[in-house]
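Visitor: First the structure, which I've put down as structure tokens, then a few questions once you've had a look.
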Amino acid sequence: MTNKNVEQAQSWGSLAFVWTGAMICVPALLVGGTLIGGMPFWEAILTACVGYGIIVIFMIFQGIQGSDLKLPTVKAASQVFGEQGSKKIISIILAIACLGWFGIQANVCGIAFSNFLAVYGVSFPVWLSSLIWGIIMLLSALYGIRILNILNYVAVPILLCVCLYALFLSLRNGGVSQVFNYKPETSLPFLSGLSVTVGSFALGAVIAGDYSQYTKGRSGIVKAAITGILPSGILMIAVGAILALTSGTADITSVFNELGLPVLGVIALILAAWTTNAVNAFSGGIAIVNVFNISKKHEKVAVAAAGGIGTLLAVFGILNYFIPIMSVLSAMVPPVAGVMIASYWIVQKGDPTKWQHVEGISWLGVLAWAVGAVFAALPVIFSFFPTVLPGLPNEPLIGIVLSLAIYLIGQKWVGNARRETVKKNY
């Protein structure tokens, strides 16, 4: 199937379903549980609205850039980081992040499925369960955006129904008053909660162009981002928060196990991981294509490699060992969007005719990204040494803003230097 045919088949509604499927995931439930641990319910919902609103803004900027240029994120990044900078630095970071999260989701899915079978007295190894589900998720990603659309059209309505049913079960018998009258024992600052919310889906915002490149029209990207992210994101935060209050855990499988409905719990978790992991494998494959300069016709091989590596990570229990590293990577990814937005939307005024392919490495773009990435990653790094610098929240949003500002300052300085050179020569 050619790019043109795929593009014609990708309406903004289909794109919205892809992004909704990526948003409805276990980490979003856990974010809700985290927020409610230090905030009243309505403050947690407000935090979710603001946080995902910020994500939507970044997705719109990144998504429209992908649609304008008809390029995935790693290819569009070659203008601001240079071709080699995009290949050797940005693509590798994005690939590792996507593969790592694929492994984590497959591992979570494998654990849940093995625990589900254990309820009925069946002993099934977690590593084998993770392997099977990783392969299943990978196969769906191999067929690209068309299969992602079909998967999400089927999975998203089921997931929404299961989540709403979980809410109904949790809120009956006095659950509503428990939620509305809840006062946390500890306090989570609003900015810290906002940082957690933005960081949970920052990777999705950065790679938005991987999927919007197939969608025509800027207005379609705006509608897809708003309808695909905000309703589902706020719902998942609310479900996670309410489950944590009424059941003591944001783990939807544990909630349904306690209610005597383990099948619903495992269906919800598997579908949530599946829709998110299809996106991880697809974007990871695109990043690998860029790193190794693989031709378009061999893109499926790269996607297979991405999913295969992620599956192996799940088999070896990435969930037990790799989360701190993934936290650092998640902090390093968002500043990519800061630099790309600064270049395309501020310097080039959103004009696709001004976009140019740059050979080699654009050191200004790399430096701006590196400063923002290091700043965002410092809280994660120092979390392992709390006595050295305690109490630092993760700051992906500040990392984005810092990288954007540094790039703009650098561009102004470079422009002034060029004008001075021209004046002297004249």
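The values are calculated or read from the model by the stated rules, or taken from the named source; none is laboratory data. Note that the structure is predicted; figures quoted are calculated from it, not measured. Neighbour counts are summed over all protein chains in view; Cβ atoms, including those assigned to glycine, are modelled from backbone coordinates with ideal geometry. Please note that ligands, DNA and RNA were not included when accessible areas were found on the heavy atoms of the full protein model with its side chains. Shrake-Rupley method; radii C 1.70, N 1.55, O 1.52, S 1.80 Å.
Visitor: Could you tell me whether residue 43 is open to solvent by 50 Å² or more (accessible area, probe 1.4 Å), among the charged types (D, E, K, R) and touching a residue at least 12 places away in the same chain (Cβ under 8 Å)?
Guide: yes
Visitor: Moving to a separate point now. How about region 389-407: which of its residues are open to solvent by less than 50 Å² (accessible area, probe 1.4 Å) and either assigned to a helix (DSSP H, G or I) or modelled with pLDDT of 85 or more (or both)?
Guide: Result: 396, 397, 399, 400, 403, 404, 405, 406, 407.
Visitor: Does residue 339 meet the test of being open to solvent by 50 Å² or more (accessible area, probe 1.4 Å) and under 22 Å from the mean Cα position of the chain (by Cα)? Walk me through it before giving the result.
Guide: Details: open to solvent by 50 Å² or more (accessible area, probe 1.4 Å): no; under 22 Å from the mean Cα position of the chain (by Cα): yes.
No, not satisfied.
Visitor: Does region 165-181 hold any residues that are assigned to a helix (DSSP H, G or I) and free of Cβ contacts under 8 Å to residues at least 40 places away in the same chain, and which are they?
Guide: In the first step, residues of region 165-181 are kept if they are assigned to a helix (DSSP H, G or I); the result is 165-171, 175-180.
Residues satisfying the conditions are 168, 176, 177.
Visitor: I've got another one for you. Can you tell which of 118, 112, 95 is more than 21 Å from residue 342 (Cα to Cα) and within 16 Å of the chain's Cα centre (by Cα)?
Guide: From the options 118, 112, 95, the qualifying one is 95.
Visitor: Any chance region 74-97 includes a residue that's within 23 Å of residue 356 (Cβ to Cβ), outside any helix (DSSP H, G or I) and at pLDDT 90 or above?
Guide: Yes; the residues of region 74-97 include at least one that is within 23 Å of residue 356 (Cβ to Cβ), outside any helix (DSSP H, G or I) and at pLDDT 90 or above.
Visitor: Being farther than 18 Å from residue 65 by Cα and either out of contact with any Ser or Thr (no Cβ under 8 Å at 6 or more places or on another chain) or open to solvent by 100 Å² or more (accessible area, probe 1.4 Å) (or both) is the filter here; which residues of region 349-371 pass it?
Guide: Across region 349-371, the qualifying residues are 359, 360, 361, 362, 363, 364, 366, 367, 370.
Visitor: Can I ask one more? I'd like the full set of residues that are closer than 20 Å to residue 296 by Cα, in contact with a helix residue (DSSP H, G or I) (Cβ under 6 Å, 6 or more places away or on another chain) and not aliphatic (A, V, I, L, M), limited to region 86-114.
Guide: Within region 86-114, 86, 87, 91, 98 qualify.
Visitor: Moving on. Going through region 247-290 one residue at a time, which ones are open to solvent by 40 Å² or more (accessible area, probe 1.4 Å) and modelled with pLDDT of 80 or more?
Guide: 263, 267, 274
Visitor: Whether any residue in region 220-227 is within 24 Å of residue 254 (Cβ to Cβ) and either surrounded by fewer than 19 Cβ atoms within 10 Å (Cβ to Cβ) or touching a residue at least 60 places away in the same chain (Cβ under 8 Å) (or both) is what I want to check. Lay out the reasoning, then the answer.
Guide: Taking region 220-227 and keeping what is within 24 Å of residue 254 (Cβ to Cβ), we get none.
Looking for residues that are within 24 Å of residue 254 (Cβ to Cβ) and either surrounded by fewer than 19 Cβ atoms within 10 Å (Cβ to Cβ) or touching a residue at least 60 places away in the same chain (Cβ under 8 Å) (or both), one finds none in region 220-227, hence no.
Here's the yes/no breakdown for (1) among the aromatic types (Phe, Trp, Tyr); (2) on the phi > 0 side of the Ramachandran plot; (3) not in a helix (DSSP H, G or I):
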{"position": "101", "(1), (2), (3)": "yes, no, no"}
{"position": "109", "(1), (2), (3)": "no, no, no"}
{"position": "114", "(1), (2), (3)": "no, no, no"}
{"position": "124", "(1), (2), (3)": "yes, no, yes"}
{"position": "134", "(1), (2), (3)": "no, no, no"}
{"position": "139", "(1), (2), (3)": "no, no, no"}
{"position": "158", "(1), (2), (3)": "no, no, no"}
